[in-house]
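The values are calculated or read from the model by the stated rules, or taken from the named source; none is laboratory data. Small disclaimer: the values here were computed from a predicted structure and weren't measured. When we count neighbours, we look across all protein chains shown, and the Cβ atoms used for this are built from the backbone with ideal geometry, even at glycine. Keep in mind that these areas ignore ligands, DNA and RNA; they rest on the heavy atoms of the full protein, side chains included. Shrake-Rupley method; radii C 1.70, N 1.55, O 1.52, S 1.80 Å.
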Amino acid sequence: MHIQHWLVLLGSVAAIGCATSAVTSPTTVDGMWTGDFTVPGNSVLFTLATQGSAITGNGRWTGEACCAGPVTVTGTVAGNVITLDLGFTSTSGGAVPPYTEHFEGHLVGANQLSGILTFGGQSAPYGYHRIVPD
């Protein structure tokens with residue numbers, strides 16, 4: 001009986017390990033993502049695709065009472081670490097110079113990225129969530 005308990009425990013640990021590696025697989029970031037903004041009127045929406053460990057994407061962003069434009073995304077997956085560099089260009093509204101943001105984090109479940117966003121030398125916790133069609 002004691003051996004059966006160990007086999008059940010070992011099987012459970014193996015299943016958890018497989019589930020974790022499936023969540024951090026590079027292809028699991030493919031799809032449409034949006035930022036977890038807290039300021040009304042701000043948004044970013046982009047579609048990501050992976051090829052090997054490389055991530056690419058593009059989309060749109062808007063700033064509250066300001067401007068809007070395209071966003072391009074490049075990044076990598078290394079183990080369970082996902083890095084994204086987002087390039088923002090203003091094409092409507094106010095004149096905002098192009099700028100970039102850097103995100104480094106990991107998947108938390110199948111539809112949530114959690115990590116640190118760096119912009120202008122300042123870093124803060126930040127996340128993105130996948131848009132899942134109904």
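Within region 78-89, which residues are modelled with pLDDT of 95 or more and open to solvent by 50 Å² or more (accessible area, probe 1.4 Å)?
Within region 78-89, just ASP85 meets the criteria.
Residues being farther than 13 Å from VAL71 by Cα and either touching a residue at least 60 places away in the same chain (Cβ under 8 Å) or β-branched (Val, Ile, Thr) (or both): count how many of those fall in region 34-57.
So the answer is 5.
Before we move on, is LEU86 without any contact (Cβ under 8 Å) to a residue 40 or more places away in the chain and in contact with an Asp or Glu (Cβ under 8 Å, 6 or more places away or on another chain)?
no
Looking only at region 111-134, count how many residues are over 19 Å from THR72 (Cβ atoms), among the aliphatic types (A, V, I, L, M) and open to solvent by less than 60 Å² (accessible area, probe 1.4 Å).
Total meeting the criteria: 1.
May I ask you to say which residue of GLY75, GLY59 is in a strand (DSSP E or B), under 15 Å from TYR126 (Cβ atoms) and open to solvent by less than 50 Å² (accessible area, probe 1.4 Å)?
Exactly one of GLY75, GLY59 is in a strand (DSSP E or B), under 15 Å from TYR126 (Cβ atoms) and open to solvent by less than 50 Å² (accessible area, probe 1.4 Å), namely GLY75.
For the subset of region 90-109 comprising residues that are open to solvent by less than 60 Å² (accessible area, probe 1.4 Å) and not in a strand (DSSP E or B), which member is modelled with the lowest pLDDT?
Result: GLY94.
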